[in-house]
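First the structure, in the form of structure tokens, and then the observations on it.
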Amino acid sequence: MKSSSKRKEEVNLANGGVKQSTWSKALSSNAVWEEKDEFLDVIYWFRQIIAVILGVIWGIVPLKGFLGIAIFCIINAGLLYIYFSSFQQVDEEEYGGTWELTKEGFMTSFALFLVVWIIFYTALHYD
């Protein structure tokens, strides 16, 4: 693995010294994150997007009970783990370990998921 300072220099040269936006870095593989909080914000907001999408799907399908909650937790944690370990290939230890990245924004996304799931389920499946 290359050191983070060498990666930063290579990215600055490749970009002509122009700073990339947060979302362009989030959607490009192996992006260099100068600020720790910037990457954590991306993880947080990806979780919120996943929560809304899965909440709508669960409400339409209609899934019920513990099965829906368990599948949400597995998909939410799994997608984000694949994102930061395989797609972005960040050094988890810089962010406090794999567990810290995996739980970043999880409870907020869980609450959002429940609200969206309940609203869609109630709207579509109750008289």
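Among the residues of the range 98-127, what is the count of those that are under 23 Å from Ile82 (Cβ atoms), open to solvent by 70 Å² or more (accessible area, probe 1.4 Å) and not hydrophobic (A, V, I, L, M, F, W, C)?
Counting residues in the range 98-127 that are under 23 Å from Ile82 (Cβ atoms), open to solvent by 70 Å² or more (accessible area, probe 1.4 Å) and not hydrophobic (A, V, I, L, M, F, W, C) gives 2.
With respect to Ala77, determine if the residue is among the small types (Gly, Ala, Ser), assigned to a helix (DSSP H, G or I) and modelled with pLDDT of 95 or more.
In short, no.
Within the range 37-69, how many residues are under 20 Å from Glu104 (Cβ atoms) and of a type outside the set (Val, Ile, Thr)?
Our first condition is that a residue be under 20 Å from Glu104 (Cβ atoms); within the range 37-69, this holds for 37-55, 69.
With of a type outside the set (Val, Ile, Thr) added as a condition, the list becomes 37-41, 44-48, 51, 54-55.
Number satisfying all stated conditions: 13.
Of the residues that make up the range 51-74, is at least one in a helix (DSSP H, G or I) and more than 30 Å from Tyr126 (Cβ to Cβ)?
Residues of the range 51-74 in a helix (DSSP H, G or I): 51-60, 65-74.
Checking which are more than 30 Å from Tyr126 (Cβ to Cβ) leaves us with none.
Among the residues of the range 51-74, not one is in a helix (DSSP H, G or I) and more than 30 Å from Tyr126 (Cβ to Cβ), which makes the answer no.
Looking at the range 27-35, can you tell me whether even one residue there is without any contact (Cβ under 8 Å) to a residue 60 or more places away in the chain, open to solvent by 70 Å² or more (accessible area, probe 1.4 Å) and over 13 Å from the mean Cα position of the chain (by Cα)?
Looking for residues that are without any contact (Cβ under 8 Å) to a residue 60 or more places away in the chain, open to solvent by 70 Å² or more (accessible area, probe 1.4 Å) and over 13 Å from the mean Cα position of the chain (by Cα), one finds at least one in the range 27-35, hence yes.
Being at positive phi and open to solvent by 80 Å² or more (accessible area, probe 1.4 Å), is that true of even one residue in the range 62-81?
no
Can you pull out every residue in the range 90-107 that is closer than 23 Å to Val52 by Cα and not in a helix (DSSP H, G or I)?
Glu104, Gly105
If you check every pair at least six apart or on different chains, which have Cβ atoms under 7 Å apart with a residue in the range 66-89 that is within 14 Å of Ile50 (Cβ to Cβ) first and a residue that is of a type in the set (S, T, N, Q) and surrounded by 14 or more Cβ atoms within 10 Å (Cβ to Cβ) second?
Short answer, once both residue conditions are applied: Asn76/Ser109; Ala77/Thr102; Leu80/Thr102; Tyr81/Thr102.
The values are calculated or read from the model by the stated rules, or taken from the named source; none is laboratory data. The model shown is predicted, which means the values in this text are computed figures rather than measured ones. Please note: Cβ atoms are built from the backbone with ideal geometry, for glycine as well, and neighbour counts cover all protein chains shown. Side chains included, ligands, DNA and RNA excluded: accessible areas come from the protein's heavy atoms. Shrake-Rupley method; radii C 1.70, N 1.55, O 1.52, S 1.80 Å.
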